[in-house]
Amino acid sequence: MKMNDFRLDGKIALITGASYGIGFAIASGLAEAGATIVFNDINQDLVNKGVAAYKEAGIHAHGYVCDVTNEDQVNEMIAAIEREVGVVDILVNNAGIIKRIPMIEMTAAQFRQVIDIDLNGPFIMSKAVIPSMIKKGHGKIINICSMMSELGRETVSAYAAAKGGLKMLTRNICSEYGEFNIQCNGIGPGYIATPQTAPLRETQPDGSRHPFDQFIIAKTPAGRWLEAEELAGPAVFLASDASNAVNGHILYVDGGILAYIGKQPK
Ligand code: NAP
Ligand code: GCO
């Protein structure tokens with residue numbers, strides 16, 4: 001093993017939904033390791049804001065408007081990236097949404113929307129990049145899974161179904177394309193302070209912490225929410241040659257939540 005195995009110089013990384021949040025943090029880490037950063041988001045305003053944010057961080061990122069659930073848009077984006085930047089070596093399927101609604105109150109349309117973005121999107125994106133990875137003789141796909149790839153909780157039925165499916169899609173891409181030197185793994189973040197979880201951390205009218213905030217503190221051995229930047233190192237590892245023998249694995253970056261019964265209430 002050489003430390004250079006962790007470098008990504010000369011590699012092109014595409015991170016979906018990466019104008020901010022976890023995608024932005026992972027992209028920044030991949031850039032630090034030498035990768036050329038390409039990202040997409042759902043509209044031009046977000047892409048423009050993302051390009052500016054990357055520039056502010058000293059990263060020249062290539063931004064594209066693309067809805068990951070729209071196969072025509074995805075195929076057009078991948079063709080444009082291959083013309084304008086080059087063949088994608090590393091795909092991070094990060095784009096995702098959550099709806100926190102009790103299952104019997106959730107409409108079928110709402111359930112389908114979460115499945116569409118969080119599971120169909122990674123399928124469509126992976127299907128679009130694998131043929132060129134096969135031609136190139138290597139590829140890395142990293143799916144951003146979740147605690148809900150392993151656990152359920154109230155109000156997140158669609159999200160848990162999607163993220164559980166994403167875990168198995170990860171294993172199936174590994175099974176089907178490992179022979180072409182394509183490694184497909186997942187990262188399962190714990191509870192990360194981003195816009196997606198902001199409603200779970202809102203200070204209460206009486207100035208106390210949100211009940212769910214207190215719950216996560218008790219469920220995390222380190223007693224804190226994790227930062228998006230803490231996912232960058234694991235992402236660099238899974239995007240690099242250092243992990244060429246790792247395939248079909250979900251790397252939980254959760255501060256130990258899955259290992260811990262939780263702190264006894266005082
Ligand atoms: P976030 O702040 O909500 O960012 C998600 C990004 O994806 C946004 O830029 C969003 O754009 C974009 N997006 C949504 N739908 C899209 C579509 N159809 N096509 C393209 N882009 C789309 O979420 P996050 O907290 O950074 O989470 C990123 C990923 O990590 C998600 O897959 C999430 O499930 C997963 N995750 C998050 C946590 C956590 O604690 N935060 C933990 C585990 C896993 P808009 O702004 O327009 O919605
Ligand atoms: C929730 C949270 C979680 C996190 C993450 C945990 O409502 O429980 O949003 O789902 O987003 O997926 O790993």
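The values are calculated or read from the model by the stated rules, or taken from the named source; none is laboratory data. The structure displayed is predicted, hence computed values, not measured ones. Quick reminder, even Gly has a Cβ in these numbers, built from the backbone with ideal geometry, and neighbours come from all protein chains shown. We work out accessible area using only protein heavy atoms, side chains counted, and drop any ligands, DNA or RNA first. Shrake-Rupley method; radii C 1.70, N 1.55, O 1.52, S 1.80 Å.
For this structure, a couple of remarks:
- Taking the criterion of being more than 12 Å from ligand 1 (Cβ to nearest atom) and either modelled with pLDDT under 95 or not charged (D, E, K, R) (or both), the residues of segment 225-244 that qualify are ALA232, GLY233, PRO234, VAL236, PHE237, LEU238, ALA239, SER240, ALA242, SER243, ASN244.
- Restricting attention to segment 1-36 and to residues that are within 19 Å of GLY186 (Cα to Cα) and among the β-branched types (Val, Ile, Thr), the residue that is surrounded by the fewest Cβ atoms within 10 Å (Cβ to Cβ) turns out to be ILE12.
- When the residues of segment 85-120 are filtered to those that are acidic (Asp, Glu) and either under 21 Å from ILE141 (Cα atoms) or at pLDDT below 95 (or both), the one that is most open to solvent (accessible area, probe 1.4 Å) is ASP116.
- The residues of segment 61-84 that are part of a helix (DSSP H, G or I) and open to solvent by 40 Å² or more (accessible area, probe 1.4 Å), listed by number, are GLU71, ASP72, GLN73, ASN75, GLU76, ALA79, GLU82, ARG83, GLU84.
- Residue that is surrounded by fewer than 20 Cβ atoms within 10 Å (Cβ to Cβ), out of contact with any Lys or Arg (no Cβ under 6 Å at 6 or more places or on another chain) and part of a helix (DSSP H, G or I), where the choices are GLU202, GLU179, GLU154: GLU179
- Candidates GLY255, GLY207, GLY262, filtered to the one that is assigned to a loop (DSSP other than H, G, I, E, B) and buried (at least 16 other Cβ atoms within 10 Å of the Cβ): GLY255
- One residue from TYR54, TYR20, TYR64 being closer than 21 Å to LYS163 by Cβ and hydroxyl-bearing (Ser, Thr, Tyr): TYR20
- Taken together, LYS167, LYS140, LYS219 contain a single residue that is open to solvent by less than 20 Å² (accessible area, probe 1.4 Å), basic (Lys, Arg) and either touching a residue at least 40 places away in the same chain (Cβ under 8 Å) or on the phi > 0 side of the Ramachandran plot (or both), which is LYS140.
Per-residue answers, yes or no, for (1) within 16 Å of ligand 2 (Cβ to nearest atom); (2) within 20 Å of the chain's Cα centre (by Cα); (3) in contact (Cβ under 8 Å) with a residue 60 or more places away in the chain:
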| site | (1), (2), (3) |
| --- | --- |
| SER19 | no, yes, no |
| LEU30 | no, yes, yes |
| MET77 | no, yes, no |
| ARG100 | yes, yes, yes |
| THR107 | no, no, no |
| VAL114 | yes, yes, no |
